[in-house]
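To start, the structure itself, in structure tokens.
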Amino acid sequence: MSPAGVPLSWYLVLAAFLFTLGAAGFVFRRNIITMFMCIELMLNAVNLTFVALAYHTHQVDGLVLAFFVMVVAAAEAAVGLAIILTVFRNRASLQIDEVQSLRD
Amino acid sequence: MLLWLIPAFPLLGFLLNGVIGRRSPKSFVNAVAIGAVAASFLWTLKTLAALWPLDTAHLEQYFTWIQAGDVRIGFDLAVDRLSAVMLLVVTGVGLLIHIYSIGYMAHEGGYYRFFAYLNLFMFFMLTLVMAANFLLLFVGWEGVGLCSYLLIGFWFLRSSATNAANKAFIVNRIGDFGFSLGIYLIYIHFRSLDFAPVFAAVSERPVESGVGPLTLIGLLLLVGATGKSAQIPLYVWLPDAMEGPTPVSALIHAATMVTAGVYMVARCSAIYLHAPLALETVAVIGLATALFAATIGVTQFDIKKVFAYSTISQLGYMFLGAGVGAFGAGIYHLWTHAFFKALLFLGAGSVIHALGEQDLRKMGGLRHKTPITFWTLVAAAVSISGVPFTAGFFSKDEILLAAYHHAPWMYWVGTITAGLTAFYVFRAIFLAFLGEPRGWQHAHESPPVMTVPLILLAILSLVGGLAPVSRFLAPMFPPHEAGHEMHLVVISVGAGLAGIALAWLFYVARPGLAERTAARLGALYQLVYNKYFVDEIYQAAVVQPVIRGARSMLWQKVDVGLIDGAVNGLGARACAAGDVLRRIQSGNLRSYAAWVLLGSFLLLLAAGLAGGAR
């Protein structure tokens, strides 16, 4: 039991909720920026799970993993935003359905 | 004794000329090629002198070539009296022909290539005659066939030359098919391919009365010999082989390679003597070939073709000699034939070199322009005709006498052939050298580099028969009945002289008689003139069916239908599968995300179910 008295299951439910929100947003939204933010949401939902479980079990592994996820998220944000910028420059559009030239 | 040096010199010459001959001056190419063969010749002499009198075979084992189970096939060379004779013929006559080639090929392109091939041929031929087991013999056997192919097709820009080269190679494949089957059979029955143990095992066996394994082996080996030595039914490649340069015809297609079959039969005498049926077949094929080819030789007008049919005919004599049990006489004839037939071809080459013409009808009257060629050719002609005390006389009469004691009718057929031989050889010489010039302006005698070999060969053609070859070889073969009936000798010599006289009558004394006789004979003359239509019959009976079968069956059904069909079918299936699979690849990022989600749901579900089961 955590010091503030918030039970572990609450954290997990919150994380699951955030993750589902992100996944649903990724699938249903069409704006690339929005989808990008949904990815960040999913990553942070997973981070929350890691941290909560690390705290609960008094082990450091989850915290280390959370840092890794943050680093990956930062790198991903840099690369991802650069790609988005280039796509926008070239197509003057941020609609994901219009970006499918790799199909052929 | 370093036997391996004998074939090694020409191999080195081949490598040198083949690799750097192209960028080297002719003098270098000459020095390498002639030097290699001369070294080989001298080393042969030294070896034979050291091993004299060669009562037993001298065997040298160098390394194991194939080791499989208890079978060892080694790179083993051996010299005995039989291979000694062959070595002298191959290196001696080969050396003279190499020297002659300097003059003959002087103005030809691919000079270095010619000599490289010629040296390669010498290497394989020497391997063939010194091999101490059947497999190494087969290596030499195939190697000389390869060189024959390369040299017949030397002028590869002429389609007739490449066709002739292909024909020679393919016809020899048929023979070699039989030959290799014979070798397999030898291995199956004797579990060895070395000459000494195989022949020792053979002589333990009883003489076969019917068709036994030895008869089968003998007949299969004979198939190989008929291919290599141009006997019926596989002789058809040799006349076409005249497309090659004339020194090649002299060396490969007269003096050495084509005699490999005779050598092989003599080498396997133990097998043939225990298989009388196979031996009789050798005799009959030899005799039939001798007569058959001689009749064709009478009607040909291409000087090289005349001598080509003459070669086939004389090889028939050698087979006849071996077939009636007189192996020594067969090899003796091989020895003398090497001199006079090489000389005939080199003389013909000298004429061709002088005129640039091979058709006898366009020659005539060359005697004053090319006296050395004329007189040396006469020496060869009297020798091949069996004029007494020339080389051909001794060997031919020994064969004919042995044939008489085997079956008198063989003697008579052989004697008729001897008359025909004298007739066609002198016909060619009279047509070329006597009478009036028929259509040529300029002719010149060949340079000394060509005439000196001619003179040396002429001397050998006249006196080479004094070498007691068959007495030298006698210990190698069981004795056979050889009579000394004077009247038979007189008759066969008479046949030869009659042939010469008839040629004189037809082509010198009464010009025009030949044409009138040909016209009177009509259909018969046409039949012989067209070589009994054998090429056409083979074309219709073998070549065309094979081509048609290849076209309609192998090409259109097997190749297009089966092989192409299988490959194209696989390709089409792959395309169809890809067509289905590519629908997943929509390019729509959100659908990919949906698939990922679905996948992870399914994984979770599976994990949950598996966990639940646990």
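The values are calculated or read from the model by the stated rules, or taken from the named source; none is laboratory data. Quick caveat: nothing in here was measured; it's all calculated off a predicted structure. Quick reminder, even Gly has a Cβ in these numbers, built from the backbone with ideal geometry, and neighbours come from all protein chains shown. Areas reflect the complete protein model, heavy atoms only, side chains present, ligands, DNA and RNA absent. Shrake-Rupley method; radii C 1.70, N 1.55, O 1.52, S 1.80 Å.
In this calculation the C-beta distance from B:Glu108 to B:Ala566 is compared with R0 = 60 Å, giving a FRET efficiency of 0.80.
Note on the protein assembly as shown: along the principal axes its Cα atoms extend 139, 64, 51 Å, ordered by decreasing extent.
Normalised by the number of residues in segment B:1-96, the average gap of Cα pairs under 8 Å and 6 or more apart makes the relative contact order 28 percent. For chain B, the fraction of 1.4 Å probe accessible surface lying on carbon and sulfur atoms is 70 percent. Here each label is just a point 7 Å from Cα along the line to Cβ, and for B:Asp302 and B:Leu157 those points are 2.0 nm apart. Take segment B:1-68 with all the other protein chains still there, run a 1.4 Å probe, and you get 57 Å² of accessible area per residue. Which FRET efficiency, nearest 0.05, do B:Tyr62 and B:Ile188 yield, Cβ-Cβ r, R0 30 Å? My answer for the efficiency is 0.70.
Between B:Ile455 and A:Gln59, the simple spin-label model (points 7 angstrom out along Cα→Cβ) gives 10.8 nm. Taking B:Trp375, B:Trp43 and ordering them by how much accessible surface each has at a 1.4 Å probe, largest first, produces B:Trp375, B:Trp43.
A loss of 50 Å² or more of accessible area (1.4 Å probe, protein heavy atoms, ligands and nucleic acids excluded) relative to the isolated chain is seen in these residues of segment B:558-593: B:Gly587, B:Leu589, B:Arg590. Along the axis of the charge dipole computed for the protein assembly as shown (Cβ charges of +1 for Lys and Arg, -1 for Asp and Glu, origin at the Cα centre), the listed residues A:Phe17, B:Thr336, B:Ala225 are led at the positive end by A:Phe17. Pairs of Cα atoms nearer than 8 Å and 6+ residues apart set the relative contact order; for segment A:30-98 it is 46 percent.
When the listed pairs B:Lys167/B:Lys362; B:Lys228/B:Lys304; B:Lys167/B:Lys557; B:Lys167/B:Lys305; B:Lys305/B:Lys396; B:Lys46/B:Lys396 are checked against a 24 Å cut-off, the alpha-carbon distance exceeds it for B:Lys167/B:Lys362; B:Lys167/B:Lys557; B:Lys46/B:Lys396. Between B:Arg22 and B:Ala550, the FRET efficiency from the beta-carbon distance, with R0 = 30 Å, is close to 0.20.
Per residue, segment A:30-98 exposes 64 Å² of accessible surface when a 1.4 Å probe is rolled over the protein heavy atoms with every protein chain present.
Remark on segment A:30-98: ratio of C-alpha radius of gyration to 2.2 N^0.38 Å is 1.42.
Between B and A, roughly 900 Å² of accessible area is buried in total, ligands, DNA and RNA not counted and the probe set to 1.4 Å. Would you work out which of B:Ile6, B:Thr415, B:Ser27 lies farthest towards the positive end of the dipole of chain B, given +1 charges on the beta-carbon of Lys and Arg and -1 on that of Asp and Glu, about the Cα centre? Of the listed residues, the answer is B:Ser27. Modelled spin labels at B:Asp579 and B:Asp70, positioned 7 Å past Cα toward Cβ, are 6.4 nm from each other. Summing Cβ point charges (Lys, Arg +1; Asp, Glu -1) relative to the Cα centre of the protein assembly as shown gives a dipole of roughly 1480 debye.
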